[in-house]
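Peer 1: Please see the structure below; I have some questions.
Values quoted throughout were computed directly from the atomic coordinates according to the rules given, and no laboratory measurement underlies them. All values reported here derive from a predicted model rather than from experimental measurement. Note that each Cβ is placed from the backbone with ideal geometry, even for glycine, and that neighbours are counted across all protein chains shown.
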Amino acid sequence: MTDHAGTSRQRESLYSQLRWSSSHAPLTRRRRLELLRSYLPDWIITILLAGLLAIINDVHGFRREFSLTDTSIQHTYAVQERVPTWLLGVLAVLIPALIIVGFSLGISRSVWDLHNGLLGFVLANALTLTITTITKVTVGRARPDLIDRCQPLAGSHNAEPYGLVTDAICSVGVDNKTLRDGFRSFPSGHASTSFAGFTYLALYLAGKLHLFDRRGHAVTAWLCGTPLMAAALIAISRTMDYRHHATDVIAGSLLGLVVAYWSYKLYYPPLGHAQSHKPYSPRIPNEHLAGASEDAYTEHSEQRTHYAQFNIQSPHDAGAQRRDDDDQESAAFAKTRANGIDASLEYPDRETVPRV
């Protein structure tokens, strides 16, 4: 009876270790440098996107002709916005980032999870803002409050024969920043930014909490859906301030949602995956497998036998079987494959999901 209880506790402990771990072998300096080099292009791209955004935002941009009698652009210019830009940054960027940091360091206690979580989050926001800004300056659609921004000159009227005018009739001057922003209605930057940040956060939480494990969790669903509701409220507020048309908000929301989903998928497995709470493994193999001694592989083989007696299947066995038989492998990697160990990961890997 005692042996059975002890075996059950040991089995539960092993399952717990495979699902979540707070202790990992320290990375050597060589390993850190290899990881840095492998992911440096990702960070460079995100930084370049942010720099590109600053440059594009200052260009004159295209400005469409408009009609002075168009009631859809005759709304009052709201000096005080319900969600100003600085508040948007706090709500949709800073708070989700802090939640990711707190979750990865406080609960999963994984620096690798922190790296992947933030990298995907930064990429989602940078790419969304860049696409949004490029689209704004090239489409040049008038905002609902354009006429109030323009302050047409006295006696201005629609030109013949088509009844359209340009920004030349505006009394504030064509270089006025408020007027320039008046031709950047499509798509909504607030909508795209809020949905990019909050959608990524919702996906991150859904993966960590195993929302789609086919068991049904109403509380978890509400928790993961709350960020999306916050994004929707921010997007709707732009129509209440007469900053955007409804189509601008819809387009911006879809843009942010799609980019966030795509960015999350780059670094995390599907939400229905058994290990959706773990990020993908590094792109480069662990150094001890790349040049390990015979003793290292013997130790891994013994570990695998130890886990097998509790009938626990390695999450990487299936990935190893699906590998291409034509892959060029070193003798060391072939040996790990023979032992049922994924050549790109340490076994048992408690922190990541293999790339298959």
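Peer 1: Over all distinct Cα pairs, what is the inverse of the mean 1/r for the range 66-173, reported as the Kirkwood hydrodynamic radius in Å?
Peer 2: Values: mean 1/r = 0.0566 Å⁻¹.
Computed over the range 66-173, the radius equals 17.7 Å.
Peer 1: Sticking with this one: Taking the C-alpha atoms of the range 31-267, how large are the radius of gyration and the largest Cα-Cα span, Dmax, in Å?
Peer 2: Radius of gyration, then largest Cα-Cα span, for the range 31-267: 20.8, 72 Å.
Peer 1: Project the alpha carbons of the range 177-267 onto their principal axes and report the range along each, largest first, in whole Å.
Peer 2: Largest first, the range 177-267 extends 52, 27, 18 Å along its Cα principal axes.
Peer 1: A follow-up question, please. Grab the Cα-Cα distance for residue 261 and residue 221, subtract it from 0.36 nm times how many residues apart they are, and report the gain in nm with one decimal. Walk me through the numbers before you get to the answer.
Peer 2: On the way: separation 40, 0.36 × 40 = 14.40 nm, distance 1.72 nm.
Contour length minus the Cα-Cα distance gives 12.7 nm.
Peer 1: Can you give the FRET efficiency for residue 284 and residue 65, using 1/(1 + (r/R0)^6), R0 = 41 Å, r = Cβ-Cβ distance, to the nearest 0.05? Can you show the working numbers first?
Peer 2: Working: r = 55 Å, r/R0 = 1.34.
After rounding, the FRET efficiency stands at 0.15.
Peer 1: Order 119-126, 74-81 from most to least packed using the mean count of other Cβ atoms within 10 Å. Write out the running numbers ahead of the final one.
Peer 2: Details: 119-126: 24.0, 74-81: 12.6.
Going from most to least packed, we get 119-126, 74-81.
Peer 1: Amide H of residue 280 versus every other amide H placed in the peptide plane: which residues, excluding those fewer than 5 positions away on the same chain, fall under 5 Å?
Peer 2: 268, 353
Peer 1: With Cβ to Cβ distances under 11 Å as the rule, what net charge do the other residues near residue 58 carry (K, R +1; D, E -1)?
Peer 2: Working: positive: 177, 180; negative: none.
Residues near residue 58 contribute +2 overall.
Peer 1: Residue 159's amide H: which non-local residues (gap 5+, or another chain) put their own amide H closer than 5 Å, with H modeled 1.01 Å from N in plane and none for Pro or chain starts?
Peer 2: 164, 165
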